[in-house]
Structures are given as C-alpha cells and as structure tokens.
1. For the condition among the small types (Gly, Ala, Ser), over 23 Å from the mean Cα position of the chain (by Cα), part of a loop (DSSP other than H, G, I, E, B) and more than 22 Å from Gly211 (Cβ to Cβ), what is the one hit in Ala387, Ala326?
2. Quick check on my filter: what residues within region 178-218 are farther than 22 Å from Ser334 by Cα, among the charged types (D, E, K, R) and more than 10 Å from the ligand (Cβ to nearest atom)?
3. What pairs can you find where one residue is in region 195-212 and assigned by TED's automatic domain parsing to the domain that holds Leu178 and open to solvent by 10 Å² or more (accessible area, probe 1.4 Å), the other is more than 13 Å from the ligand (Cβ to nearest atom) and of a type in the set (Ser, Thr, Tyr), and their Cβ atoms are less than 6 Å apart, with a gap of 6+ or different chains?
4. Output the helices (runs of 4 or more DSSP H) that fall wholly within region 192-311 and possess 3 or more residues being within 23 Å of Pro31 (Cβ to Cβ) and touching a Lys or Arg at 6+ places or on another chain (Cβ under 9 Å), or say none.
5. Specify the residue that is most open to solvent (accessible area, probe 1.4 Å); the eligible residues are those in region 213-246 that are without any contact (Cβ under 8 Å) to a residue 60 or more places away in the chain and closer than 24 Å to Ile369 by Cβ.
6. Which pairs do you get when a residue that is on the phi > 0 side of the Ramachandran plot, found in region 106-129, comes within reach of a residue that is open to solvent by less than 40 Å² (accessible area, probe 1.4 Å) and not in a helix (DSSP H, G or I), reach meaning Cβ atoms under 8 angstrom, with the pair 6+ apart or on two chains?
7. Enumerate the pairs (first residue in region 336-359 and without any contact (Cβ under 8 Å) to a residue 24 or more places away in the chain and outside the structural domain of Ala265 (by TED's automatic domain parsing); second residue anywhere and of a type in the set (Ser, Thr, Tyr) and assigned to a helix (DSSP H, G or I)) with beta-carbon separation below 7 Å, excluding pairs fewer than 6 apart on the same chain, so at least 6 apart or on different chains.
8. Inside region 329-355, can you point out the residues that are within 14 Å of the ligand (Cβ to nearest atom) and either in a strand (DSSP E or B) or surrounded by fewer than 22 Cβ atoms within 10 Å (Cβ to Cβ) (or both)?
Amino acid sequence: MSKHSTEQPHGSTIAAKAGHFLDVNTGAIVPEIQPSTTFARDDRYQLINAANTYARDACPTYVHAERVIADLEHGEECRLFASGMAAIAAVFYTLKPGNHVVLPDSMYWGAKGWIHEYCKRFDIFVSEYPTDNAGAIEDALQAHTQTQIVWVESPSNPMMHVTDISLAAEHAHQYGALLCVDSTTATPVLCKPLDLGADLVIHSATKFLNGHSDVLAGAVVMREEHELWTAIVRERQGAGAVIGTFEAWLLLRGLRTLYVRVDAANRSAMQIAEYLDQHPLVESVLYPGLSGHPGHDIATRQMQGGYGALLSFCVQGGKSAALAVAGALQLITSATSLGGVETLIEHRHTLEPEANGIPDNLLRLAVGIERCEDLIADLDAALKSIA
Ligand SMILES: *Cc1c(COP(=O)(O)O)cnc(C)c1O
C-alpha cells in the first residue's frame, strides 16, 4: 500500500471535496479557473510564486486536478494531458530503438493501432500476450533482454477480458520492466492498480473521471519516482500535450461526483448484464460481474465494489440483428465512447479493423446513471423488435 492510502480520507471524500478545497482568501468552496499562461517575477527577478512559471510546465488549475487524481489512485504524482491518447503516447515517446514492450492482444484499438505503428517506425519490439492470461507475460519477457514496459488494460475494452494485475506486476518486475495499467474502464473507485504493484496508471479522463462527455483529457499517475516518470514529465513539458485550463477545471468538477456516478452505473450494469444473460435472443454477455465470466474470480479479487459500467453482448441473428437492436433503442443513444452519465451503445465491428476480431454481432453498452428499469425496458423493447 502506498503511504497515501493510510493517511488520507476515503476516495469518495477526496473526490467530493476536490481534495478538501477552501480558498482562504475568498472563502470560496469551489476552485477558481486560473487561465494565465504566464506568471510574473518581482523586482528582484524572482518568481512571485516559484511553482508557476509558464502554463506548459504547470498551472494552478491543472495542478489541483492532478493532485486529486493522484490521491484517488494512491499515487505520488499525476500529469494531465490533452487526451487519453496523448497520455499513452507520452509513455511510448520515452522509449528508444531496440527497446521492447509487451501488450495485451485485445485492448482499446485506438491505442493498439497507434502503439504498433509508432513502435514499427522507431524499431521498438512489440510482443503480445492473451489479455486474459497474465501468466503468458513471462514468455514474452523471456524472449527479449531489454523490456521496458508491460501494458495491461483491465477490464479490456470492448471484450471485457480481465488481467491479473498483481501477477503482471510480478512478471514485469522480475525482468526489470515497469507495469503500466490503462485503468480507464475500472476507475479508481473500483480498482487501484498502484496498490497491486503497477508502476504507472493511465486514464482516458475523457471517460469516467470527467463523466459528462464534454472534456477530452488524459492522465498518467505514478507510484514512485523513476527514470521513465522523469522522461514522461519532460515529454509533456517539452512536446506540450498539456490539458487546457478550462478542461482541467471541468474535469475537477466532474471528479466531485465520480463515486456516486460510478456506483450507480456499476449497479445498473450488473442488473442489465443479468437481464441480458437470461434473454433468449442474446447469445452471450461479456461482463466480469457474471459468475460464468472467465475473469470473474480475478476481477472479484482486484476490484472492490463492482465490476464496472461497461459490458458487451452478442445478439442472435448476426450483424444485421445487432444493428437492428441498436437502431430500435429509443432512450439509449448509439455513439462511441463510454463513462458518461448517459448510456451509449456501440457496434464496435463497424469501427474497428476486421483483424481485431470483434464479433460482428457484438454490441458494447456503456451504462450511465439513468434509472435502470428505464434502460432495461428500452433494451427489452429493442430486442422484441427483432424477435
Ligand atoms: C477512450 C480510451 C482511450 C483513449 O482516450 P482519449 O481520451 O479518447 O484519447 C484509451 N484507453 C481506453 C481504455 C479508452 O477507453
């Protein structure tokens, strides 16, 4: 456990109070937006506040959001980026030709595609392991001498595979590599990868952390100082993929309701998964909360309070039936993305390259915080329409 976890109040309290914010000068209980890109020096040419020089390095508004996210993850420090992909890219920008990274074979396709392309261009070796088998990471590590990063995404988007984070950390560290966990789908509410041995946690803060589908943002959180972290910080400052101040402020506001949003969505997702699981027109439901899911036991061990608000299901009757169900929904919107207060459904096969192997009858449901009975009624009517 990191030192933060024992000293600090519960995450829900940290989130709700935006890190116990109170402006002693004004009495404000809401942090202000600080839009200044530059910060002045005094008559002796000393910075008026040594923490603030120029907004590409740091700015009080995003430093505040970074502190809250670091505390929620039991991390030492956090850096915010312009998007989840910018955060992921910052990790890979630190690698050198000849280095080696180990990726899950099934993961967020945007990241997978970009990482493969980038690594190919810079002669960085990439190995893959089956997302639901962290034990196989060791085989990939044995085959190379210079592995820098082992990547985990759990539960994985959209196949909902679960990876044993502790086991992945053990293997990575045994071979001198760092473990980086994309915890976007789990959120710090349900899983704390740094407590399980991970070195870095990544978030597409666009998703649950902000939670309102109105901010693009990414976060990298670290457990403790190491060379790679210094390089990531330098990369953000130098290459400049910083978050905007207004976005950071919106993110900070979104974070205040993180726990209630995730708790509600999480409870509904479980009920919806159970509903779909018994439906005769549903071939299979991919949700680690179901006891029949192959990753259920690992998820139960490494997630607290639920299995997340994302689930996928395969509709009987193939692609056309799946598209017909999505099209027949009245309340649930067909759109990409996840982690917002509104429930979204997506036919991933339409978006992802054929080679990714996403079944063409799979629909991914990103459950929001609407009344669960309304969501189930909407799904029920849509499924009836294809019967
Ligand atoms: C959306 C997503 C990303 C990318 O984040 P952006 O904010 O869209 O750049 C990375 N990982 C996962 C798991 C995601 O769902």
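1. Ala387
2. Answer for region 178-218, where residues must be farther than 22 Å from Ser334 by Cα, among the charged types (D, E, K, R) and more than 10 Å from the ligand (Cβ to nearest atom): Lys192, Asp195, Asp199.
3. Close Cβ pairs satisfying both conditions: Leu196/Ser166; Gly197/Ser166.
4. Values: elements: 227-239, 245-255, 258-277, 296-302.
Qualifying helices (runs of 4 or more DSSP H): 227-239.
5. Taking region 213-246 and keeping what is without any contact (Cβ under 8 Å) to a residue 60 or more places away in the chain, we get 214-215, 226-227, 230, 234, 238.
Filter again for closer than 24 Å to Ile369 by Cβ, leaving 214-215.
Values: Asp214: 86, Val215: 7 Å².
If we take residues in region 213-246 being without any contact (Cβ under 8 Å) to a residue 60 or more places away in the chain and closer than 24 Å to Ile369 by Cβ, then Asp214 is most open to solvent (accessible area, probe 1.4 Å).
6. Listed pairs, sorted by first residue: Asp123/Gly98.
7. Sorted first by the residue in region 336-359, then by its partner, the list stays empty.
8. Filtering region 329-355 down to residues within 14 Å of the ligand (Cβ to nearest atom) leaves 335-340, 344, 346, 348, 351-352.
If the condition is that a residue be within 14 Å of the ligand (Cβ to nearest atom) and either in a strand (DSSP E or B) or surrounded by fewer than 22 Cβ atoms within 10 Å (Cβ to Cβ) (or both), then Ala335, Thr336, Ser337, Leu344, Glu346, Arg348, Leu351, Glu352 are the ones that fit.
The values are calculated or read from the model by the stated rules, or taken from the named source; none is laboratory data. Here the structure is a predicted model, which is why all the values come from computation and not from measurement. Don't worry about glycine lacking a Cβ; one is built from the backbone with ideal geometry, like all the others, and counts go over all protein chains shown. Ligands, DNA and RNA are excluded from the accessible area calculation, which covers all protein heavy atoms including side chains. Shrake-Rupley method; radii C 1.70, N 1.55, O 1.52, S 1.80 Å.
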